[in-house]
1. So which of Asp104, Asp139, Asp124, Asp53 ends up being more than 30 Å from Arg323 (Cα to Cα) and surrounded by 15 or more Cβ atoms within 10 Å (Cβ to Cβ)?
2. Can we say Thr223 is under 30 Å from Val165 (Cα atoms), modelled with pLDDT of 95 or more and surrounded by fewer than 23 Cβ atoms within 10 Å (Cβ to Cβ)?
3. For the structure I just gave you, tell me whether Tyr236 is under 29 Å from Leu392 (Cβ atoms) and in contact with a Lys or Arg (Cβ under 6 Å, 6 or more places away or on another chain).
4. Within the stretch 238-272, track down each residue that is farther than 16 Å from Asp334 by Cα, surrounded by fewer than 19 Cβ atoms within 10 Å (Cβ to Cβ) and touching a strand residue (DSSP E or B) at 6+ places or on another chain (Cβ under 8 Å).
5. Could you run through the stretch 356-375 and say how many residues are over 25 Å from the mean Cα position of the chain (by Cα), buried (at least 17 other Cβ atoms within 10 Å of the Cβ) and assigned to a loop (DSSP other than H, G, I, E, B)?
6. Of the numbered conditions (1) of a type in the set (A, V, I, L, M, F, W, C); (2) in contact with a helix residue (DSSP H, G or I) (Cβ under 7 Å, 6 or more places away or on another chain); (3) modelled with pLDDT of 95 or more, Val325 fails exactly one; give the number of that condition.
7. Can you tell me how many residues in the stretch 113-137 are assigned to a strand (DSSP E or B), closer than 23 Å to Val224 by Cα and modelled with pLDDT under 95?
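The values are calculated or read from the model by the stated rules, or taken from the named source; none is laboratory data. Every value quoted in this text rests on a predicted model; they were computed, and no experiment measured them. Counting neighbours? That spans all protein chains shown, and the Cβs are built from the backbone with ideal geometry, glycine included.
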Amino acid sequence: MKKIVSLLSALLLAADVLAAEPVLVGMTDTAAYFPLLRGHRVALLANHTAVADMPGAPGAARDGRVHLADLLHGCGFDVRAIFSPEHGFRGTADAGEAVRSDTDPATGISIRSLYDGNAQRPSDESMQLFDVLVVDMQDVGLRFYTYYISMLRMLDACAEFGRRVVVLDRPNPLGDHIDGPVLDMRFKSGVGALPIPMLHGLTMGEIARMAAGEGWTRRCEPTVVPCRNYTHATEYLLPVAPSPNLRSQRAIYLYASLCPFEGTPVSVGRGTDAPFEVYGHPAFPDRGFSFTPRPTAGAKHPPLEGRLCYGVDLRAMPLAEARSVGFSLDYLLDAYRTLGMGERFFTPMFEKLVGVGWVRQMILEGASASEIRDRWQPGVERYKALRTRYLLYE
């Protein structure tokens with residue numbers, strides 16, 4: 001009996017130690033992917049989020065943080081090109097803005113933009129430059145966040161040209177939250193590419209596995225280097241803002257609920273110091289809070305620019321509460337009823353973001369948030385069963 005008690009105590013202690021260990025992103029597990037790159041021409045699909053704390057590593061800054069491009073360059077790997085997603089390699093461009101190709105001044109590596117206003121896929125000439133593609137970008141767990149779509153396009157191209165793909169995984173800051181309608185592929189677009197819910201509960205590595213396994217990309221078998229000390233229940237605070245208008249952890253948590261406003265006349269605070277933490281419109285009643293969108297970095301010409309908007313300020317919401325929100329229709333329904341615009345409240349972008357056509361119709365017919373949620377729930381349950389086949393983490 002004493003031996004059993006001792007064994008249980010040891011296991012509990014080990015679990016406590018593991019829980020206390022910091023999450024280590026895939027990039028830090030160099031023993032897992034360096035051997036896959038040696039002797040090969042390498043390309044990256046990466047942006048400003050491809051960083052990790054690795055004190056003493058080649059290319060590391062004084063604070064110990066190093067970018068993947070600097071790490072590989074400093075270790076002598078033959079990096080031929082960097083492909084950059086929406087917002088550019090440095091993560092400063094507006095949403096959807098065309099970004100020209102460039103050269104990384106630190107390493108001299110050619111940067112090839114996938115958002116240069118052309119086909120959003122690499123040229124045949126670019127694909128001839130490398131043998132192995134390394135993917136490292138921080139996703140935020142939402143179907144309409146475009147980094148995973150850039151990865152899918154590169155997976156397709158790599159399958160076509162016979163290139164190997166290595167995905168260095170990073171946590172999903174929304175964890176195992178799964179919610180919202182499953183995308184009706186009639187609304188497939190640049191902000192929605194797979195038949196998955198709005199909150200999909202996957203990491204980039206798991207998305208790559210699912211897309212390949214379900215035949216949603218050309219036949220490709222990506223190698224995923226997983227995070228360590230991570231489960232989908234782990235709270236993970238992003239060390240770097242993933243894009244110009246997701247500047248805080250609270251904004252990331254509220255993004256699912258506020259982003260559908262971008263298919264309406266309502267501002268989500270682009271052009272202020274709190275995008276996706278506030279929302280408003282000039283015709284809202286004055287509830288004691290207002291803002292005026294102005295040109296800012298990442299929002300050169302924000303919606304409702306220069307117009308005084310009355311609205312709602314969510315910045316005082318505790319982080320734990322914001323994390324629990326998932327996808328709420330309450331904000332949207334309140335704004336719809338307040339403005340009284342009927343059909344004119346919606347633009348075609350609304351369906352691309354929400355992913356189905358019936359949400360708009362149910363709102364117009366006066367349905368409640370719970371009634372709308374009940375309709376999408378069966379699709380979520382089917383998706384959850386599919387998701388289990390591709391999980392890398394508990």
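1. Step by step, each of Asp104, Asp139, Asp124, Asp53 is checked, and only Asp104 is more than 30 Å from Arg323 (Cα to Cα) and surrounded by 15 or more Cβ atoms within 10 Å (Cβ to Cβ).
2. When the stated conditions are applied, Thr223 passes them.
3. Here the answer is no, as Tyr236 does not meet what is asked.
4. Result: Pro239, Val240.
5. Counting residues in the stretch 356-375 that are over 25 Å from the mean Cα position of the chain (by Cα), buried (at least 17 other Cβ atoms within 10 Å of the Cβ) and assigned to a loop (DSSP other than H, G, I, E, B) gives 1.
6. (3)
7. 0
Yes/no matrix, rows are residues, columns are (1) part of a loop (DSSP other than H, G, I, E, B); (2) closer than 23 Å to Leu183 by Cα:
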position: Arg307; (1), (2): yes, no
position: Asp334; (1), (2): no, no
position: Thr347; (1), (2): yes, yes
position: Leu353; (1), (2): no, yes
